[in-house]
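What follows is one structure encoded as structure tokens, with my remarks underneath.
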Amino acid sequence: MSIFSQSWAVIVMNIRSLPRRLWMSLAMVLASAVVVAVLLAFLAMAKGFEVTLQSAGAKDVAFFLRTGSAAELNSSVTRDQVNLIAEAPGIARSGNSPIVSPELYVIVDGIKKSSLTEANIPLRGLDPQGVELRQNFTLVAGRMFAPGTDELIVGEGILREFNGFDLGSEVRFGKYKWKVVGVFSTGGNVFESELWADAKVIQSLYNRGSTYQSVRAKLTPDADLEAIKAYLENDPRITQEVQTEEAYFAAQGKSLSYMAIFGRVISSVMAFGALAGALNTMYTSVADRAKEIATLRAIGFSHFSAFVGTMAEALVLALIGGIVGALSAFALFDGMNASTLGGSFTQVVFSFEMSPELVLQGVYLSLIIGFVSGFFPAWRAASVPVAVAFQGGR
Amino acid sequence: MTHENLFILKNLSKRFVKGKETISIFDGLDMTIPKGDFLAIMGPSGSGKTTLLNLLGGVDQPTGGEVIFDGERVDSLSESQLTKWRANNIGFIFQFYNLMPMLNAERNVELPLLLTNLSSKERMQRVHTALKLVGLEDRAKHMPSEMSGGQLQRVAIARAVVSDPKLLLCDEPTGDLDRQTADEILQMLQLLNRDFGKTIVMVTHDPAAARYASRTLHLDKGQFVEKEQLMEKSA
Ligand SMILES: Nc1ncnc2c1ncn2[C@@H]1O[C@H](COP(=O)(O)OP(=O)(O)OP(=O)(O)O)[C@@H](O)[C@H]1O
Ligand SMILES: [Mg+2]
């Protein structure tokens, strides 16, 4: 078909004429690449953070906090309340005793390797039963802390991002010294950004008496969260509310979703800048090829082929930029570790999560840049007067 | 029904509107071009030679009057109809060759054939026939940047004739060439006119070039002025 062969011929000619406009074309590729890379960096960051938190939460673990407390840090639960909660319907039992883990959550300081500045680290107090409630928990080195001692185990994320937590070392928080006896992993989720020690020891060192801050409880397969809620409400001694651990972390994970929004806004603004440059490149291209376009039109090539040729050039340049941008974002950011403030103003260590879907989003963005920056110049190309072919000059 | 005249222009007018100003180039121009004619059009700069060529070639449309090509009105065709009409009937030869710099000679010559349904093999056969005709068979793979002006114009001629149009329109085809090369090109046009029956309309400033044509019309201020007899006497 003639419409294909002529359009294809025009596309081939346009692409081959690119070296004549090398720098302008490269500028367009670069602009598109930068916009896409920035977008992907933000999206990968938000995604990585979300994954780190979301994967921490289990569906079959109920999580109790004082009513109105959004996070563990400002919640509290007395020993008596823990016992009442343990009797709620739907709590799984091992033998005769309910599987519950009352936990403490205090903040200590650490020195970040990247910036050598102080940052908050959560120190969690829990019992062996609490450890068992964490999916994917493994000790990667050393051993478990012994109950009643000043021993602690350190999450892999903390080991990576902070100084001084190597196995066997002594760390000091305030007046108290601790000994690192083990390194643990929880499969990359947020618990790896914590230090774990015996709950009773933390209660006494931090003057918490017999209170805790949160309670985790294993649910039976047929447990009904509504029934637990009703149970909590009916007992005036209980001042806690319940949600699944999964729901809790999902909400926390969303706290960086503003990063994704921010990234979209920033890259949209940048995309406008890139568009201005790309439009300039494409208009220059049309002006540069005006005589060739007119000559082809005189020979009998259609408006459409002139339009398609210019459009294809814009799309190709923007797409090359998009691919370069996505690849560099991949190379630079995928798996890159970062830490940022989580819900409790403690550092959450997470890695940028690049995925094919994100790369696709970058490619779409570059195609939009290519389409918009190609459309109007292509329109102009299609309306170059044929008489231009006869105008002077080589 | 066959028509003796390839072109008949009746009461043709052409005006350009530039802002508030209207420039009238032709007002009531009549002209007949018989088939097989080799017509040279001369005249001072700005007299409307290129404008006339554009009107003949369907590159521009008249403001008024009739253009009859081979018995059919073409002055009221739409842009896309005109585009097809050009592809089927007209070969253009430009002063500055207008080859595509990124395509080699044979790809340049092939361009008009991309508008046909010919297979690529058939296209290449025709391209090589056309290149042979202009004596550039051995330059098929050369890029425009590797060829002289005369060679470029010969490639352009091959491109103009490859789809076998009835009419060749040439705007100053030798305006950029030295005498000897110009003569070669003009001889080639003469050959196409005489042996291949192409009707040719050629705009030129050069009386020596016009001598290759079978007749010459002088355009001045949008009208033909008869200098034909005068020219013949002096020749
Ligand atoms: N698109 C246009 N808009 C306005 N005026 C035009 C346009 N094209 C041509 N003209 C005017 O029409 C007149 C004739 O132009 P044309 O190009 O036909 O002259 P010409 O005889 O080919 O001249 P030359 O020998 O210099 O090539 C000129 O005054 C020119 O300025
Ligand atoms: Mg002219």
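The values are calculated or read from the model by the stated rules, or taken from the named source; none is laboratory data. As the structure is a computational prediction, the values presented were derived from the model and not from experiment. Quick reminder, even Gly has a Cβ in these numbers, built from the backbone with ideal geometry, and neighbours come from all protein chains shown.
Quick notes
- In the stretch B:60-77 there is no residue matching the filter, namely being within 11 Å of chain A (Cβ to nearest Cβ) and part of a helix (DSSP H, G or I).
- Test: residue in the stretch B:36-58 that is away from chain A (no Cβ under 14 Å), in contact (Cβ under 8 Å) with a residue 40 or more places away in the chain, within 16 Å of ligand 2 (Cβ to nearest atom) and closer than 21 Å to B:Val134 by Cβ: yes
- Exclusive hit being over 29 Å from the mean Cα position of the chain (by Cα) and buried (at least 23 other Cβ atoms within 10 Å of the Cβ), set A:Tyr206, A:Tyr212: A:Tyr212
- Screening A:Leu104 on (1) crowded, with 21+ Cβ neighbours inside 10 Å; (2) at pLDDT below 90; (3) hydrophobic (A, V, I, L, M, F, W, C) shows it passes everything except condition (2).
- Check on A:Asn136, part of a strand (DSSP E or B) and either among the polar types (S, T, N, Q) or buried (at least 20 other Cβ atoms within 10 Å of the Cβ) (or both): no
- Selection within the stretch A:1-46 - within 22 Å of A:Ala276 (Cβ to Cβ) and without any contact (Cβ under 8 Å) to a residue 40 or more places away in the chain: A:Leu22, A:Trp23, A:Leu26
- Test: residue in the stretch A:239-259 that is within 14 Å of chain B (Cβ to nearest Cβ) and in contact (Cβ under 8 Å) with a residue 40 or more places away in the chain: no
- In this structure, B:Leu99 does not qualify as within 16 Å of ligand 1 (Cβ to nearest atom), in contact with a Pro (Cβ under 8 Å, 6 or more places away or on another chain) and outside any strand (DSSP E or B).
- In the stretch A:45-85, the residues that are surrounded by fewer than 23 Cβ atoms within 10 Å (Cβ to Cβ), under 24 Å from A:Pro356 (Cβ atoms) and of a type outside the set (A, V, I, L, M, F, W, C): A:Glu50, A:Gln54, A:Ser55
- For the stretch B:193-210, the candidate set comprises residues that are part of a strand (DSSP E or B) and aliphatic (A, V, I, L, M); within that set, the residue that is farthest from ligand 2 (Cβ to nearest atom) is B:Ile200.
- Those residues of the stretch B:104-119 which are within 9 Å of chain A (Cβ to nearest Cβ) and charged (D, E, K, R), in sequence order: B:Arg107, B:Glu110
- So A:Glu226, is it closer than 30 Å to A:Ala58 by Cα, touching a strand residue (DSSP E or B) at 6+ places or on another chain (Cβ under 6 Å), away from every other protein chain (no Cβ under 14 Å) and of a type in the set (Asp, Glu): no
- A:Val190 vs. criteria under 33 Å from the mean Cα position of the chain (by Cα), over 30 Å from A:Ala378 (Cβ atoms), modelled with pLDDT under 90 and not aromatic (Phe, Trp, Tyr): yes
- Subset of the stretch A:1-60 that is of a type in the set (S, T, N, Q) and not in a helix (DSSP H, G or I) - its residue that is nearest to the other protein chains (Cβ to nearest Cβ): A:Ser17
- Between A:Tyr283, A:Tyr248, the distinction of being more than 30 Å from A:Ala381 (Cα to Cα) and in a helix (DSSP H, G or I) belongs to A:Tyr248 only.
- B:Gly150 meets the conditions (1) without any contact (Cβ under 8 Å) to a residue 60 or more places away in the chain; (2) part of a helix (DSSP H, G or I); (3) within 14 Å of another protein chain (Cβ to nearest Cβ) in every case but one. The failed one is (3).
- Annotation: of all residues in the stretch B:1-35 being surrounded by 12 or more Cβ atoms within 10 Å (Cβ to Cβ) and not in a strand (DSSP E or B), the one that is farthest from ligand 2 (Cβ to nearest atom) is B:His3.
- Residue within the stretch B:79-100 that is touching a strand residue (DSSP E or B) at 6+ places or on another chain (Cβ under 6 Å), more than 16 Å from ligand 2 (Cβ to nearest atom) and more than 30 Å from A:Asn14 (Cα to Cα) present: no
- Cβ-Cβ under 6 Å pairs, at least 6 apart or on other chains, the stretch B:90-102 side at the interface with another protein chain (Cβ under 8 Å from one of its Cβ atoms), far side among the hydroxyl-bearing types (Ser, Thr, Tyr) and buried (at least 22 other Cβ atoms within 10 Å of the Cβ): B:Asn98/A:Thr295
The rows are residues; the columns are (1) surrounded by fewer than 17 Cβ atoms within 10 Å (Cβ to Cβ); (2) within 16 Å of ligand 1 (Cβ to nearest atom).
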site: B:Val155; (1), (2): no, no
site: B:Val203; (1), (2): no, yes
site: B:Arg215; (1), (2): yes, no
site: B:Gln223; (1), (2): yes, yes
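- Residues of the stretch A:95-133 that turn out to be touching a residue at least 24 places away in the same chain (Cβ under 8 Å) and either aromatic (Phe, Trp, Tyr) or assigned to a strand (DSSP E or B) (or both), as a count: 22
- Close pairs from the stretch B:160-178: first more than 10 Å from chain A (Cβ to nearest Cβ), partner within 14 Å of ligand 1 (Cβ to nearest atom) and not β-branched (Val, Ile, Thr), Cβ under 6 Å, at least 6 apart: B:Cys170/B:Met202; B:Thr174/B:Ala209
- Residues in the stretch A:43-72 that are of a type in the set (A, V, I, L, M, F, W, C), more than 17 Å from A:Asp235 (Cα to Cα) and either modelled with pLDDT of 85 or more or touching a helix residue (DSSP H, G or I) at 6+ places or on another chain (Cβ under 6 Å) (or both): A:Leu43, A:Ala44, A:Met45, A:Ala46, A:Phe49, A:Leu53, A:Ala56, A:Ala58, A:Val61, A:Ala62, A:Phe63.
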